[in-house]
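A short worksheet on the structure shown next.
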Amino acid sequence: MTVRIAPSLLAADFRRLGEDIAVCEAGGADWIHVDVMDGRFVPTLSFGSKVIEAARRSTALTIDVHLMVIEPERYFEEFVRAGADVLTIHAEAAPHLDRQLMHIKELGCKAGVALNPATPLAVIEEVAHLLDVLLIMTVNPGYGGQKFIEYSVDKITRARYLLDQADSAAILEVDGGISRDTIVRCWEAGADTFVAGNAIFSAQHPQSEIGVLRGLCTETA
Ligand code: DX5
Ligand code: ZN
């Protein structure tokens, strides 16, 4: 299985976003993770299409947009125009998953569903075949730098099983508290794509940290 490392821009230095993205690229990042927060679905605000656009102008890497917003469909067109390659919506904020996943795909984007730690996997069971990405949150969404929730490892194992049973080729992504201490457990449980904010941008050498995180997985492959 391929390991994808997706640095989260939430932990980048916004005075020099372009340079931080270049560091990620130089370090071999696969995706650039962009966290959109609306102050409704999650308590705080982050940013929207201007930052997606800036990221798009800075890199050819996949722009992975995580929508922590209510009524996410209001933003699909705008974010695709801004350069998003993946749009991931929260099941808790989007009751019409079938319609919304189809809408995202029609716009030529990869479609993902994210689940909060307390949300059961059963909510995506019927649409597993439509998913390009399943994002398992390993913290409660809203902030970077939180502590990894240990019980989510078991959920990743069950998510892998569910996708395999459904014959789904969906990418299994994890987000929140991913670091040298937690990444291997997620990888062994079946995740293949790892969002990391603080672990990368607060590292002494952000560029080489990407390779370190990847190496921890491939060593145990
Ligand atoms: C949290 C966001 C994450 C966040 C991860 O709500 O979805 O993408 O940036 O940050 P770390 O890796 O620092 O936990
Ligand atoms: Zn995220």
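Structure values in brief
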quantity	calculated
Residues satisfying the stated conditions in the range 85-131, i.e. open to solvent by less than 10 Å² (accessible area, probe 1.4 Å), outside any loop (DSSP other than H, G, I, E, B) and of a type in the set (A, V, I, L, M)	V86, L87, I89, L101, I104, A111, V113, A114, L115, I124, A128
The range 1-43 - residue that is open to solvent by 40 Å² or more (accessible area, probe 1.4 Å) and part of a loop (DSSP other than H, G, I, E, B) and, of those, farthest from E78 (Cα to Cα)	M1
Candidate set: the range 160-177, residues that are open to solvent by 10 Å² or more (accessible area, probe 1.4 Å) and touching a residue at least 60 places away in the same chain (Cβ under 8 Å); chosen: the one farthest from ligand 1 (Cβ to nearest atom)	I171
Meets criteria (open to solvent by 70 Å² or more (accessible area, probe 1.4 Å), assigned to a helix (DSSP H, G or I), more than 16 Å from ligand 2 (Cβ to nearest atom) and free of Cβ contacts under 8 Å to residues at least 60 places away in the same chain) for E150	no
Selection within the range 44-56 - part of a helix (DSSP H, G or I) and in contact with a Gly (Cβ under 8 Å, 6 or more places away or on another chain)	I52, E53, A54, A55, R56
Per-region count, the range 178-221, residues of a type outside the set (D, E), away from ligand 1 (no atom under 15 Å from the Cβ), part of a loop (DSSP other than H, G, I, E, B) and modelled with pLDDT of 95 or more	3
Qualifying residue in the range 58-67 (condition: within 24 Å of C24 (Cβ to Cβ), assigned to a helix (DSSP H, G or I) and touching a helix residue (DSSP H, G or I) at 6+ places or on another chain (Cβ under 6 Å))	yes
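The values are calculated or read from the model by the stated rules, or taken from the named source; none is laboratory data. Predicted, not measured: the structure shown is a model, and the values here were computed from it. Here Cβ is always computed from backbone atoms with ideal geometry, including for glycine, and neighbour counts include all displayed protein chains. Areas reflect the complete protein model, heavy atoms only, side chains present, ligands, DNA and RNA absent. Shrake-Rupley method; radii C 1.70, N 1.55, O 1.52, S 1.80 Å.
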